[in-house]
1. Could you tell me which numbered condition PHE376 fails, if it satisfies all but one of (1) within 30 Å of ILE306 (Cβ to Cβ); (2) part of a helix (DSSP H, G or I); (3) touching a strand residue (DSSP E or B) at 6+ places or on another chain (Cβ under 7 Å)?
2. Scan THR42, THR23 and give me the residue that is surrounded by fewer than 19 Cβ atoms within 10 Å (Cβ to Cβ) and of a type outside the set (D, E, K, R).
3. So in region 78-92, with the set limited to residues that are buried (at least 24 other Cβ atoms within 10 Å of the Cβ) and not in a helix (DSSP H, G or I), which one is farthest from the chain's Cα centre (by Cα)?
4. Which ones in region 276-317 are among the β-branched types (Val, Ile, Thr) and either within 22 Å of the chain's Cα centre (by Cα) or outside the structural domain of ALA253 (by TED's automatic domain parsing) (or both)?
5. If you scan region 181-205, which residues turn out to be within 28 Å of GLU53 (Cβ to Cβ) and of a type in the set (A, V, I, L, M, F, W, C)?
6. Name the single residue that is modelled with the lowest pLDDT among those in region 148-170 being surrounded by 15 or more Cβ atoms within 10 Å (Cβ to Cβ) and not in a helix (DSSP H, G or I).
7. Which strands (runs of 3 or more DSSP E) sit wholly inside region 237-321 and have at least 1 residues that are touching a Cys at 6+ places or on another chain (Cβ under 9 Å) and modelled with pLDDT of 95 or more?
8. If you scan region 343-364, which residues turn out to be surrounded by 17 or more Cβ atoms within 10 Å (Cβ to Cβ) and of a type in the set (A, V, I, L, M, F, W, C)?
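The values are calculated or read from the model by the stated rules, or taken from the named source; none is laboratory data. Everything numeric here is computed off the predicted structure, so don't read it as measured data. Here Cβ is always computed from backbone atoms with ideal geometry, including for glycine, and neighbour counts include all displayed protein chains.
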Amino acid sequence: MKKLFGTDGMRGEAGSFPLDAATMEIVGASLAHHLREKLGRTPLIVIGRDTRESGGWIEQALVAGMARAGADSKSAGVITTPGVAFLARTLPADAGVVISASHNAYRDNGIKIFAPSGRKLDEETERLIESDVFTQPAASRNNDKLFTTGEHEDDETADLQSRYANFLAEGIGRELSLRGISLVLDCANGAASKLAPELFQRLGATVTAINRTPDGQNINLDCGSLHMEELQSEVIKRRAKLGVAFDGDADRALFVDANGSLVNGDGILWVLATYLRAQHELTNDTVVATVMSNVGLEVALQSQGIQLVRTDVGDKYVLEELLRLGASLGGEQSGHIIFPKVSLAGDGLITTLKLLRTMTEAGKDLHELTEGFQSFPQVLVNVKVKVKRPFAEVAAIQKVVQDVESALGLQGRLLLRYSGTEPLARVMIEGKKQAEIEKYAATLANVIRQTLGA
């Protein structure tokens, strides 16, 4: 049976299987049915969405399925992904469903399902839902292309949104004064378009918000965390203290310092790790990141006696390792940062509040706080292959890998893996000297071509 759920939920083109109305109704009914079986009572499911034009009819289809299977639902309207995770945990609800395709263009959409803990739904239930999708007949439904901006939502929806906003301002932002601080926020025409400016103004900041007028089709369009140029320009133009770029569902954030320089998730992990360690709040002096984090982060953390533990790519795997180790900070280079003592979901707004608290308490700008961290040069080479044979079984490849790793020592890193979707071997090497790592990468790529090449 084909898997529909990936590491970050179910995603695809809105209106096409499995993101069509008929399938979404089955998903809603299946989730409700399995929750009801497990709980022995009527389940409550909270649901929210980003600003895509397809979000309205997908929500209607999911809710119709949930109702048919005997579940109650509450709509949080347009809200961030971590906002739904928060509501699932605190209402409490029996599940939270987010309708979003994160940083993708508006034509795509997706769903993420959270358990009451705020963690993503367990894989066993995901497999049960997939089985229902492929075995149950779908009713014939048209995709009713509705788009709701969130401006005319009912009192219950407004109350749910206020709960999350108050948690951010009064919980995470407690006693944090941003008076005299100028911020530029790129809201990506997404889920944070209303919430983010209001939150930081509430805490006293002077806020310039760009890309905050969603029309259903402009989410992530040349803006947000994948397109930082406009934000950099605005920060310089307005002499702002900090620029923040969210993605469409605001579960991550990237930053621009007062000099207009980009600071990605690795830089933020460095700043927050050193701050938390000074506050005796970095459990076991450990940070969790993925294999994609730059080796410069590892070297910088080691210089401060902080261990970096790596996982596979995906915030799901970062969270699993954080919980296994009991660690207090982890994240991805892309800007997903997780503080498990506060939230089990990556949250761009929480990350921004934590960073601003660090800056205000240290009395330093972001560019000063990132001193001590430097990204190492990186080279990535793709090699077309006939078969994806385990690299460890090819002696010639293993010999070069060992030689390169020995030459790099602790001042570099080699990552060799296959693409999950294409017939490609990916060679990624980081080190202190660009010419040197390019030579190593070319040597290894040639051996792969000779032994496995197409």
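1. Status for PHE376: all satisfied but (2).
2. Numbers: THR23 fails: surrounded by fewer than 19 Cβ atoms within 10 Å (Cβ to Cβ).
Testing whether each residue is surrounded by fewer than 19 Cβ atoms within 10 Å (Cβ to Cβ) and of a type outside the set (D, E, K, R) leaves just THR42.
3. In the first step, residues of region 78-92 are kept if they are buried (at least 24 other Cβ atoms within 10 Å of the Cβ); the result is 78-88.
Then drop every residue that is not not in a helix (DSSP H, G or I), which leaves 78-80.
Working: VAL78: 18, ILE79: 15, THR80: 11 Å.
Per the stated criteria, the residue is VAL78.
4. We begin by selecting, within region 276-317, every residue among the β-branched types (Val, Ile, Thr); these are 283, 286-288, 290-291, 295, 299, 306, 309, 311, 313.
THR286, VAL287, VAL288, THR290, VAL291, VAL295, VAL309, THR311, VAL313, listed by residue number.
5. Of everything in region 181-205, those that are within 28 Å of GLU53 (Cβ to Cβ) and of a type in the set (A, V, I, L, M, F, W, C) turn out to be VAL184, LEU185, CYS187, ALA188, ALA191, ALA192, LEU195, ALA196, LEU199, PHE200.
6. THR149
7. Numbers: elements: 242-246, 253-256, 286-290, 307-311.
Here the list reads 242-246.
8. First pass over region 343-364, keeping only residues surrounded by 17 or more Cβ atoms within 10 Å (Cβ to Cβ): 343-359.
The answer is LEU344, ALA345, LEU349, ILE350, LEU353, LEU355, LEU356, MET359.
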